[in-house]
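Only one structure is covered here, and it is reproduced in the block below.
The values are calculated or read from the model by the stated rules, or taken from the named source; none is laboratory data. A quick note: this is a predicted structure, and the numbers were derived from the prediction, not measured. Don't worry about glycine lacking a Cβ; one is built from the backbone with ideal geometry, like all the others, and counts go over all protein chains shown. These accessible areas exclude ligands, DNA and RNA; they are computed on the full protein's heavy atoms, side chains included. Shrake-Rupley method; radii C 1.70, N 1.55, O 1.52, S 1.80 Å.
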Amino acid sequence: MSDLEIRPTTTEDLPAVVAMLADDPLGAQRESPDDLTPYLGAFERLADDPNQHLVVAVREGKVVGTLQLTIIPGLSRRGAVRSIIEAVRVHADERGSGLGTQLIEWAVEESGRQGCSLVQLTSDVTRTDAHRFYKRLGFEDSHVGFKKTL
């Protein structure tokens, strides 16, 4: 798969990224690919923040994967820097190809380049296949998460 490029997302990539976010049962309920306005605003905020890395995987000119990597400096763990991987998506045509592994490996390597000593990720509790995938890549169950919708 040497023809794969992982690079920063551009505004031109947003329709494909949002389509991937919406292409599953959870995303279909919460994403709106027909109106990119809120995504453009969010993209601008992300692009202006050096601790945010929204990337796409591109093969033969087509966006086939995406994820967001957030770098978080902190005081705990003796001032450790950590990262959080979120919104990992692989285009339906590429599922099972190893692309998800490549994206996560890129994120872990980039976290190391950014000086992180801990990599975390979030995944909805209903995504049991994703949880098995992350465990195969060496991630451990470690936290209980809570959310409050505002």
Alpha-carbon Rg with Dmax, taken over the chain, Å: 15.4, 45
Reachable aspartates and glutamates from K62, criterion Cα separation under 17 angstrom, eight or more residues apart if same chain: D3, E5, E12, D13, D23, D93, E94
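FRET efficiency for L26 and S97, Cβ-Cβ distance as r, R0 = 30 Å, nearest 0.05?
Here the calculated transfer efficiency is 0.85.
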Candidate residues T9, T37, T122: accessible-area rank, largest first, probe 1.4 Å: T37, T122, T9
DSSP-assigned coil residues among trypsin sites (Lys or Arg not before Pro) in segment 25-96, each with at most 16 further Cβ atoms within 10 Å: R95
Q114 versus A19: modelled label distance in nm, points set 7 Å from Cα along the beta carbon direction: 2.7 nm
Nearest-0.05 FRET efficiency for K147 and N51, computed from C-beta distance (R0 25 Å): 0.75
Ellipticity estimate at 222 nm from DSSP helix runs (n ≥ 4, -39,500 (n - 2.57)) divided over the chain, nearest 500: -10000 deg cm²/dmol
Separation of the S76 and E60 label points, Cα + 7 Å toward Cβ, nm: 4.5 nm
Per residue, in Å², the accessible surface of the chain once ligands and nucleic acids are set aside, probe 1.4 Å: 63 Å²
Under DSSP loop assignment and at most 13 Cβ neighbours within 10 Å, longest GluC sites (Glu not before Pro)-free interval of the chain: 61-139
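First measure r as the distance between the Cβ atoms of D34 and A130, then evaluate 1/(1 + (r/R0)^6) with R0 = 30 Å and state the FRET efficiency to the nearest 0.05.
On the way: r = 26 Å, r/R0 = 0.86.
That gives a FRET efficiency of 0.70.
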Eligible aspartates and glutamates near K148 by straight Cα distance, threshold 20 Å, same-chain separation 8 or greater: E31, E86, D124
Reach of K135 by Cα under 21 Å, taken over lysines that are not fewer than 8 positions away in the same chain: none
